[in-house]
Amino acid sequence: MYVVRLADGTLRVPQTLASEDGRLIGNAYVEVSPGDPDYERWLAESLTEEEWADRRRRWLKENDELEREFLAFKAEQETWTGRDPQEPGRITPGGSGGGTR
């Protein structure tokens, strides 16, 4: 989660709420206005809404490429081990389930 700087200068700062035993209750954004004691600290690492949207677009694009690479690697590993990609728990005929290349 990023600190987002709105057009009026207000910062949206991510906050996590946890129970006393450490379990996650939720995530939210808290608005911090200019003049708030923590404003300068958060301002240094903030992104504009446009910068945040650009990072998100880039991440989604790069994630697609990474997912394709992973799926190709996974298919190669399943072929190598003799596992049927359509039925991961089943060994295909002739497959040993863990031979060498």
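The values are calculated or read from the model by the stated rules, or taken from the named source; none is laboratory data. Small disclaimer: the values here were computed from a predicted structure and weren't measured. Positions of Cβ are backbone-derived with ideal geometry, glycine not excepted, and every protein chain shown enters the neighbour counts.
Condition check ((1) among the hydrophobic types (A, V, I, L, M, F, W, C); (2) modelled with pLDDT under 80; (3) under 24 Å from Gly9 (Cβ atoms); (4) within 23 Å of the chain's Cα centre (by Cα)) across all residues:
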| position | (1), (2), (3), (4) |
| --- | --- |
| Trp52 | yes, no, yes, yes |
| Glu65 | no, no, no, yes |
| Glu69 | no, no, no, yes |
| Lys74 | no, no, no, yes |
| Trp80 | yes, yes, no, no |
| Arg83 | no, yes, no, no |
| Ser96 | no, yes, no, no |
**OP:** Could you list, in sequence order, all residues of segment 10-30 that are within 21 Å of Arg56 (Cα to Cα) and of a type outside the set (Ser, Thr, Tyr)?
**Re:** Leu11, Arg12, Val13, Pro14, Gln15, Asn27, Ala28, Val30
Original post:
Hey, which of the strands (runs of 3 or more DSSP E) in segment 5-83, taking only ones fully inside, have at least 3 residues that are surrounded by fewer than 12 Cβ atoms within 10 Å (Cβ to Cβ)?
Top reply: 11-18, 24-32
